[in-house]
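Visitor: Below you'll find the structure I mean.
The values are calculated or read from the model by the stated rules, or taken from the named source; none is laboratory data. Bear in mind the structure is a predicted one, so any value in this text is a computation, not a measurement. Here Cβ is always computed from backbone atoms with ideal geometry, including for glycine, and neighbour counts include all displayed protein chains.
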Amino acid sequence: MEEYGGGGGDLLSEAMGSAARVVVVEDCVEAPGAFVLHLLLKRALASGGAAAFLALAQPFSYYDRVLRKMGCNLSLHRRNERLHFFELLGFPGGAREGTIADSFVRLYNEIQRLVEANRAGENAGQFTVVIDDASLLEVVALGSVNDVLDFLHYCFALTSEMNCSLVVLIHEDIYADEENMGLLLHLRYIADLVIKAAPLSTGLAADVHGQLSVVNKGTFSEQRAKAQKVWNFHFKGKENGADFFYPGTRH
Amino acid sequence: MAEAVVRCLRDGRLDGEHAPALAVEGSLQCCPLAAGAMLHIAAALASQVAAGKAQARGLVVVAFDRSPQVYLEFMRRRGLDANALDRCVRILDCYSDPLGWKQKSQNQQHQGNSAKHFSTNKENITVYRSVKDVTKLMSSTTELGGGFEGEGKKYFSVAVDSISSMLRHASVPSISGLLSNLRSHEQVSSIFWMIHSDLHEPKVPRAFECLSTMVACVEPALVDPICGESPGNMSILELNYSKAKFIVRLKRRNGRVKHLYEDLYIEGNDIKFDSAPSVSIEVNQSLVPKVQFNLELSEKERSDRANVVLPFEHQGNGEPIRIYDGRRSLPEAQRDLSLTAPALVDEIKAPKSGTAKGEIHYFRDSDDEQPDSDEDPDDDLDI
């Protein structure tokens, strides 16, 4: 994510740094992390870049409403072709021919064309691919983790070849009991940055909705070796975004 | 030590044997460091190859997990210039388009253009698009390996990064077969691979360990007993991303296994190794099994052993050789010159040589080598 204008530096952007290419957001039922996705989408569009949003969880109207309260007009961005919205609630759909893998290939090719077009265009800003969410991708792939991983690998390869970043949401509690954590572990491996939303160990509270831990693995191309790699702070969700603060600093 | 490992890979295979194979095992908690270790070994080996000090003429990197540019960039930072890279490094790129999806889309876009050749080679990078076909992968690798120029036999080394990604596309037996075939291939000098142990059932990394002659485990510096995200554990997590343990098990030709231990840490955008000799002694000592009988020597036993006269050895004091033939005690043998009769001289080292008969010249290796010492005589070489 590049530097974004307005709002000053908050804890989340400080923790994320500026060069993370693959961001994986983990959440659970007690502490939903979709708000992080909304925030990152808003920042991506606000900084002048473009985005492709793969929505499996909700229809466009939902995101439009949510982001509007945060001060971001998705309909406008969509009309201006800064936002490319893929409504995948019915993916892959019965009418399509071919296997699940073929549907993923088609989807990937569309995304790749968009990224290339963005790179070649005048507005060569950062392109962000947002996936909400990977657990649902596994569902639409009828449980075939390999197909999902192949698709995610290709999206991941896009980040290193073109000026593009990838943000994926995954529900960590679905995989907590499985022996083979499958998709979750693979995503953790490929991520540069893992943002994990978790409830407070003390339970529900009015002022604090949960805690976020940010692990910035740092790659060899970054000069962030001396910077802090692991962050932990609390958050409170609001209508127009979220507040991030260190424990105990909330008045 | 990373040097010992790189030396083994550099020296390559001996006549009549298979190529040495190194398995690098990492886990999620220290995955940037494991990746760094792999990059380091590849770069160090490539440097040796470029300098002409290795058996191999070139290194083929089969890259699944990272873009080829990452390897080339790292090697450039380590001092390999463009010329050396062109000469000595080839990358089989299984990262950019492993399943041929991009090629499919290009073909659809250029439907009438059948003359278009789909594999575009950029410098020393060859894109490979059928990762499910292990046989073809083998032949592509050996083809790349055979293309290095140079004198002497056409050896090349292979690096696979990583086996875990390969396992998503092919079965354990087929990949084991690939590695075995590469190891026994007459042109392969050495081979090393990375596997992420926590992505598979425990038996899978072990199966690949069996194929290797060296295993290097990258383990977290601190193990967190309580898995949680409390602030106390943040520092452990933070530490584990900047430092790790590099534990190597080397299987020597005589069957003994040598254990080595080093610390591994990230400095800037490079990776460094730090040997910790005190800990390695601990590791060696703990190898003596804890049983009820004494396997160590006491001081008296040590001095008695030093005083034993070995039959074929020259005592070095100019006197005729005394041997103990088992019938009389040694002081009597000294007085009895018949024991140094010519019949027995056949098997004695004479200080003045010149007899036409066959002689055994025995030079004792090292006086104070402990019985179970795995000290490698190469270790004190200053290369």
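Visitor: Here is a list: A:Lys236, A:Lys196. Which entry is of a type in the set (D, E, K, R) and either at pLDDT 90 or above or assigned to a loop (DSSP other than H, G, I, E, B) (or both)?
Guide: Of the residues listed, the single one that is of a type in the set (D, E, K, R) and either at pLDDT 90 or above or assigned to a loop (DSSP other than H, G, I, E, B) (or both) is A:Lys196.
Visitor: If you scan the range A:63-77, which residues turn out to be within 19 Å of the chain's Cα centre (by Cα) and without any contact (Cβ under 8 Å) to a residue 12 or more places away in the chain?
Guide: A:Asp64, A:Arg65, A:Arg68, A:Asn73
Visitor: Modelled with pLDDT of 75 or more and either over 21 Å from B:Tyr265 (Cβ atoms) or within 14 Å of another protein chain (Cβ to nearest Cβ) (or both) - does that describe any residue in the range B:221-229?
Guide: yes
Visitor: For the structure I just gave you, tell me whether B:Leu33 is touching a Lys or Arg at 6+ places or on another chain (Cβ under 9 Å), in contact (Cβ under 8 Å) with a residue 40 or more places away in the chain, under 17 Å from B:Phe273 (Cα atoms) and buried (at least 24 other Cβ atoms within 10 Å of the Cβ).
Guide: Considered against the rule, which asks whether it is touching a Lys or Arg at 6+ places or on another chain (Cβ under 9 Å), in contact (Cβ under 8 Å) with a residue 40 or more places away in the chain, under 17 Å from B:Phe273 (Cα atoms) and buried (at least 24 other Cβ atoms within 10 Å of the Cβ), B:Leu33 comes out as yes.
Visitor: Report yes if B:Thr120 is more than 12 Å from chain A (Cβ to nearest Cβ) and modelled with pLDDT under 90, otherwise no. Step through it out loud before you land on a result.
Guide: On the way: more than 12 Å from chain A (Cβ to nearest Cβ): yes; modelled with pLDDT under 90: yes.
In short, yes.
Visitor: Looking at B:His196, B:His200, which one is within 14 Å of another protein chain (Cβ to nearest Cβ), crowded, with 17+ Cβ neighbours inside 10 Å and out of contact with any strand residue (DSSP E or B) (no Cβ under 9 Å at 6 or more places or on another chain)?
Guide: So the residue among B:His196, B:His200 that is within 14 Å of another protein chain (Cβ to nearest Cβ), crowded, with 17+ Cβ neighbours inside 10 Å and out of contact with any strand residue (DSSP E or B) (no Cβ under 9 Å at 6 or more places or on another chain) is B:His200.
Visitor: Something else now. Looking at the range A:202-223 only, could you name the residues that are modelled with pLDDT of 85 or more and within 8 Å of chain B (Cβ to nearest Cβ)?
Guide: A:Gln211, A:Ser213, A:Val215
Visitor: Just the residues that are in contact (Cβ under 8 Å) with a residue 60 or more places away in the chain and closer than 22 Å to A:Gln58 by Cβ, please, taken from the range A:102-126. Walk me through it before giving the result.
Guide: If we filter the range A:102-126 for residues that are in contact (Cβ under 8 Å) with a residue 60 or more places away in the chain, which is where we start, we get A:114-115, A:118, A:123, A:125-126.
The answer is A:Leu114, and nothing else.
Visitor: Let me confirm something: among B:Ala43, B:Ala4, B:Ala35, which residue is touching an Asp or Glu at 6+ places or on another chain (Cβ under 9 Å), small (Gly, Ala, Ser) and within 30 Å of A:Val215 (Cα to Cα)?
Guide: Being touching an Asp or Glu at 6+ places or on another chain (Cβ under 9 Å), small (Gly, Ala, Ser) and within 30 Å of A:Val215 (Cα to Cα) holds for just one of B:Ala43, B:Ala4, B:Ala35, which is B:Ala35.
Visitor: Please determine, by comparing only the residues of the range A:100-153 that are farther than 26 Å from B:His200 by Cβ, polar (S, T, N, Q) and in a helix (DSSP H, G or I), which one is nearest to the other protein chains (Cβ to nearest Cβ).
Guide: Residue satisfying both the conditions and the ranking: A:Asn109.
Visitor: Taking the condition of being surrounded by 21 or more Cβ atoms within 10 Å (Cβ to Cβ) and assigned to a helix (DSSP H, G or I), how many residues in the range B:152-177 meet it?
Guide: Qualifying residue count, the range B:152-177: 5.
Visitor: Is it fair to say B:Arg66 is part of a helix (DSSP H, G or I) and either of a type in the set (Lys, Arg) or at pLDDT 90 or above (or both)?
Guide: When the stated conditions are applied, B:Arg66 does not pass them.
Visitor: Okay, moving on. Output the number of residues of the range A:47-62 satisfying the condition of being free of Cβ contacts under 8 Å to residues at least 60 places away in the same chain and either of a type in the set (S, T, N, Q) or farther than 16 Å from A:Leu88 by Cα (or both).
Guide: 1
Visitor: When you go through B:Leu59, B:Leu85, B:Leu92, B:Leu9 one by one, which is the residue that is touching a helix residue (DSSP H, G or I) at 6+ places or on another chain (Cβ under 7 Å), away from chain A (no Cβ under 14 Å) and more than 22 Å from B:Ser212 (Cβ to Cβ)?
Guide: That would be B:Leu85, the only listed residue that is touching a helix residue (DSSP H, G or I) at 6+ places or on another chain (Cβ under 7 Å), away from chain A (no Cβ under 14 Å) and more than 22 Å from B:Ser212 (Cβ to Cβ).
Visitor: For the range B:31-46, indicate whether the set of residues that are modelled with pLDDT of 90 or more, within 14 Å of another protein chain (Cβ to nearest Cβ) and in a loop (DSSP other than H, G, I, E, B) is non-empty.
Guide: Checked the range B:31-46: no residue is modelled with pLDDT of 90 or more, within 14 Å of another protein chain (Cβ to nearest Cβ) and in a loop (DSSP other than H, G, I, E, B).
Visitor: While we're looking at this one, here's another question. For the range B:44-58, how many residues are within 16 Å of the chain's Cα centre (by Cα) and crowded, with 24+ Cβ neighbours inside 10 Å?
Guide: Count: 5.
Visitor: Related question: Can you confirm whether B:Ser114 is at pLDDT below 95, surrounded by 16 or more Cβ atoms within 10 Å (Cβ to Cβ) and among the hydroxyl-bearing types (Ser, Thr, Tyr)?
Guide: Details: at pLDDT below 95: yes; surrounded by 16 or more Cβ atoms within 10 Å (Cβ to Cβ): no; among the hydroxyl-bearing types (Ser, Thr, Tyr): yes.
No: the conditions fail for B:Ser114.
Visitor: Hey, B:Arg129 hits all of (1) part of a strand (DSSP E or B); (2) over 18 Å from the mean Cα position of the chain (by Cα) but one; which does it fall short on?
Guide: Going through the list (1) part of a strand (DSSP E or B); (2) over 18 Å from the mean Cα position of the chain (by Cα), B:Arg129 breaks only (1).
Table: residues versus (1) at pLDDT 90 or above; (2) surrounded by 23 or more Cβ atoms within 10 Å (Cβ to Cβ); (3) of a type outside the set (Phe, Trp, Tyr); (4) outside any helix (DSSP H, G or I).
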| residue | (1), (2), (3), (4) |
| --- | --- |
| A:His38 | yes, no, yes, no |
| A:Gly48 | no, no, yes, yes |
| A:Ala51 | yes, yes, yes, yes |
| A:Gln58 | yes, no, yes, yes |
| A:Tyr62 | yes, no, no, no |
| A:Val66 | yes, no, yes, no |
| A:Arg78 | yes, no, yes, no |
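Visitor: Tell me which of these A:Ser103 doesn't satisfy, since it passes every other one: (1) polar (S, T, N, Q); (2) modelled with pLDDT of 90 or more; (3) in contact with a Pro (Cβ under 8 Å, 6 or more places away or on another chain).
Guide: Only one criterion is unmet by A:Ser103, namely (2).
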